[in-house]
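Asker: Here it is, the structure in full.
The values are calculated or read from the model by the stated rules, or taken from the named source; none is laboratory data. Remember, predicted model here, so these are calculated numbers, not experimental data. Backbone-built Cβ (ideal geometry, glycine too); neighbour counts: all protein chains shown.
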């Protein structure tokens, strides 16, 4: 028995309720072109872009009738003043309706739940005795902090992060001792610099997140916290893969992780410019 889109969304929202989102956020349906009663065929991505929409359309043309883009990041954050051809959101709306491909986003609600963005990072690092960095409700919350068993040196921890997340580069607090033992680690996928103070209260020695600025590395040093920035894409993309696995286990007729999903930050070296 196949799962309808309305059933898939109802089940998801029972797990990660959109009402838990932050006030500035926009979780839930971004575009719903009348597809709720169709059998779900889902393309999962981090960010709903025109490249992902064109990927979904190409899959339709190849015989895979994709009808839902399920994204972590919202397509629409602020009130729209207009919807026009040539504008990225306008073109997404036009193509969504034309090709009957809905766009749904699960953002800060998905960040908080068990097996959400933070939990997936904690699991990839094999953290034990895990708990939220900042509790929101009933054991859920933002970020995770846990214990490494066995302990790793800082160098081994950095090597492990590189191996499991494969970021284009790692930024880390400068330290003279890469052989120091690290036992307690905090993680938060995406932009987590605003949680540095909260992380410092957990006893964590190192904090893996992304989008950190110069003075936030300074703040972390002053709080005796090793800050590790692996990039927004690398720290949240694994949770998207986990969603594909969740949907497949539920019996979704077709689901796949987007190949057109984009990392908008790229590190250039002198060899790249030649």
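Asker: Go through segment 77-104 and give me each residue that's under 23 Å from residue 188 (Cα atoms) and touching a helix residue (DSSP H, G or I) at 6+ places or on another chain (Cβ under 9 Å).
Answerer: Answer for segment 77-104, where residues must be under 23 Å from residue 188 (Cα atoms) and touching a helix residue (DSSP H, G or I) at 6+ places or on another chain (Cβ under 9 Å): just 104.
Asker: Right, another one. Considering only segment 75-99, state which residues are more than 21 Å from the chain's Cα centre (by Cα), in a loop (DSSP other than H, G, I, E, B) and under 25 Å from residue 16 (Cα atoms).
Answerer: Selection gives 79 alone.
Asker: How many residues does segment 13-28 hold that are surrounded by 13 or more Cβ atoms within 10 Å (Cβ to Cβ) and not in a loop (DSSP other than H, G, I, E, B)?
Answerer: Summing the residues that are surrounded by 13 or more Cβ atoms within 10 Å (Cβ to Cβ) and not in a loop (DSSP other than H, G, I, E, B) in segment 13-28 gives 5.
Asker: How many of the residues making up segment 60-72 are in a loop (DSSP other than H, G, I, E, B) and crowded, with 18+ Cβ neighbours inside 10 Å?
Answerer: 3
Asker: Could you tell me whether any residue of segment 62-79 is assigned by TED's automatic domain parsing to the domain that holds residue 16, modelled with pLDDT of 95 or more and out of contact with any strand residue (DSSP E or B) (no Cβ under 8 Å at 6 or more places or on another chain)?
Answerer: Checked against the condition, which is being assigned by TED's automatic domain parsing to the domain that holds residue 16, modelled with pLDDT of 95 or more and out of contact with any strand residue (DSSP E or B) (no Cβ under 8 Å at 6 or more places or on another chain), segment 62-79 yields at least one hit.
Asker: Looking at the structure I just gave you, is residue 83 in contact (Cβ under 8 Å) with a residue 24 or more places away in the chain and at negative phi?
Answerer: no
Asker: What are the residues in segment 127-170 that are on the phi > 0 side of the Ramachandran plot and surrounded by 15 or more Cβ atoms within 10 Å (Cβ to Cβ), if any?
Answerer: 141, 143
Asker: Next up: Output yes when any residue across segment 102-109 is outside any loop (DSSP other than H, G, I, E, B) and surrounded by fewer than 21 Cβ atoms within 10 Å (Cβ to Cβ), and no when none is.
Answerer: Here is the first cut: in segment 102-109, the residues outside any loop (DSSP other than H, G, I, E, B) are 102-105, 108-109.
Then drop every residue that is not surrounded by fewer than 21 Cβ atoms within 10 Å (Cβ to Cβ), which leaves none.
No, segment 102-109 contains no residue that is outside any loop (DSSP other than H, G, I, E, B) and surrounded by fewer than 21 Cβ atoms within 10 Å (Cβ to Cβ).
Asker: Testing residue 173 on (1) closer than 30 Å to residue 45 by Cβ; (2) over 21 Å from the mean Cα position of the chain (by Cα); (3) assigned by TED's automatic domain parsing to the domain that holds residue 147, one condition comes back false. Which one is that?
Answerer: Only one criterion in (1) closer than 30 Å to residue 45 by Cβ; (2) over 21 Å from the mean Cα position of the chain (by Cα); (3) assigned by TED's automatic domain parsing to the domain that holds residue 147 is unmet by residue 173, namely (1).
Asker: Residues that are in contact (Cβ under 8 Å) with a residue 60 or more places away in the chain: list the helices (runs of 4 or more DSSP H) wholly contained in segment 128-227 that include at least 2 such residues.
Answerer: Counting at least 2 such residues, we get 154-165, 196-200.
Matching residues to (1) buried (at least 21 other Cβ atoms within 10 Å of the Cβ); (2) out of contact with any helix residue (DSSP H, G or I) (no Cβ under 9 Å at 6 or more places or on another chain); (3) at pLDDT below 95; (4) under 22 Å from residue 159 (Cβ atoms):
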{"residue": "189", "(1), (2), (3), (4)": "yes, no, no, yes"}
{"residue": "205", "(1), (2), (3), (4)": "no, no, no, yes"}
{"residue": "227", "(1), (2), (3), (4)": "yes, no, no, yes"}
{"residue": "251", "(1), (2), (3), (4)": "no, yes, yes, no"}
{"residue": "257", "(1), (2), (3), (4)": "no, no, no, no"}
{"residue": "262", "(1), (2), (3), (4)": "no, no, yes, no"}
{"residue": "272", "(1), (2), (3), (4)": "no, yes, yes, no"}
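Asker: Would you check if residue 136 is in the same structural domain as residue 158 (by TED's automatic domain parsing) and closer than 16 Å to residue 44 by Cα?
Answerer: Spelling it out, it is not the case that residue 136 is in the same structural domain as residue 158 (by TED's automatic domain parsing) and closer than 16 Å to residue 44 by Cα.
Asker: Same structure, new question: What's the number of the condition residue 103 fails, among (1) touching a strand residue (DSSP E or B) at 6+ places or on another chain (Cβ under 6 Å); (2) more than 19 Å from residue 9 (Cβ to Cβ)?
Answerer: (2)
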